[in-house]
Structure formats: structure tokens, C-alpha cells
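Encoded as C-alpha cells, the structure appears first; notes follow it.
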Amino acid sequence: QVRLVESGGGLVQPGGSLRLSCVVSGFTLGDAAIGWFRQSPGKEREGVACIETSRDMPSYEDSLQGRFIISSDNARNTVYLQMNSLKPEDTGVYYCAADTGGLCLTIHGMDYWGKGIQVTVSS
């Protein structure tokens, strides 16, 4: 019964902000690592951010230049991705994924995936 459900996506203008949420169930969030990934048509799915929740230790794709913040509220079984200063190139389907072993490794190390949510940055 492991599930990850994304919410909070939508349409935003360049320079705007969105906060994505990933509500998890079926495992203990505080024991896991949760990553955010994104995919655009014609491109491979790429990592955006990840957090090892037991250590509250985030990591980010270098190209984001500090615009995104990942955080975990373990009591609420929710991981967030705060996205600021959004650019059209941030457009894509965003997925959250869980490594129940608790480590942020590669995309291949993620055990479970949400279904994704659309983020569109356009004027």
C-alpha cells in the first residue's frame, strides 16, 4: 500500500512560485529519502532535489542555483518542493519518489513513484 501523491502543480508565470506537496503512505517517512524529479517531452527524467528525512539533509541539482527548496514534515507524511523564480525551462511533469532505504542516490535507486503532476511556466 505504498503511495505517493503529488499536488500543488499548475500554471504560473515566469518569475512566480509554486509549492508542490508529496503525501506519502505505506511507509515511515522519517526513515526514507524522498526525491523530486521532472520530465519534459523528449527529455529524460531528471533529478531536481532529494531529502534524507532522518537527517533532514537536502540535496539539489546544481543547475537550480538556489531557486528550489525541499523540506519534509514527517509528522504530516508530506514532503514539499518550494519552487521560486520559475523559468519556462522548469516546465514539466514533476514526480516524487521514495527510497525506503533512506538514501538519496540516483534515479535508479528510488523504489516507489508518484504519478506526477504538471507544472507549466509560461506567460
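Scanning the range 41-70 for residues that are open to solvent by 50 Å² or more (accessible area, probe 1.4 Å) and either closer than 16 Å to Tyr94 by Cα or in contact (Cβ under 8 Å) with a residue 60 or more places away in the chain (or both) gives Pro41, Gly42, Lys43, Glu44, Arg45, Glu46, Tyr60, Glu61, Ile69.
Select, from Ala32, Ala98, the only residue that is under 11 Å from the mean Cα position of the chain (by Cα), within 19 Å of Val2 (Cα to Cα) and aliphatic (A, V, I, L, M).
Only one candidate qualifies: Ala98.
Screening Tyr95, Tyr80 for residues that are open to solvent by 20 Å² or more (accessible area, probe 1.4 Å), touching a Ser or Thr at 6+ places or on another chain (Cβ under 7 Å), in contact (Cβ under 8 Å) with a residue 12 or more places away in the chain and assigned to a strand (DSSP E or B) leaves exactly one candidate, Tyr80. Residues that are touching a strand residue (DSSP E or B) at 6+ places or on another chain (Cβ under 7 Å) and assigned to a loop (DSSP other than H, G, I, E, B) do not occur anywhere in the range 68-75. Summed over the range 1-25, the residues that are open to solvent by 60 Å² or more (accessible area, probe 1.4 Å) and farther than 13 Å from Phe68 by Cβ give a count of 7.
The values are calculated or read from the model by the stated rules, or taken from the named source; none is laboratory data. Everything numeric here is computed off the predicted structure, so don't read it as measured data. Cβ: placed from backbone, ideal geometry, glycine included. Neighbour counts: every protein chain shown. Each accessible area value is taken on the protein alone, full model and side chains, heavy atoms only, with ligands, DNA and RNA left out. Shrake-Rupley method; radii C 1.70, N 1.55, O 1.52, S 1.80 Å.
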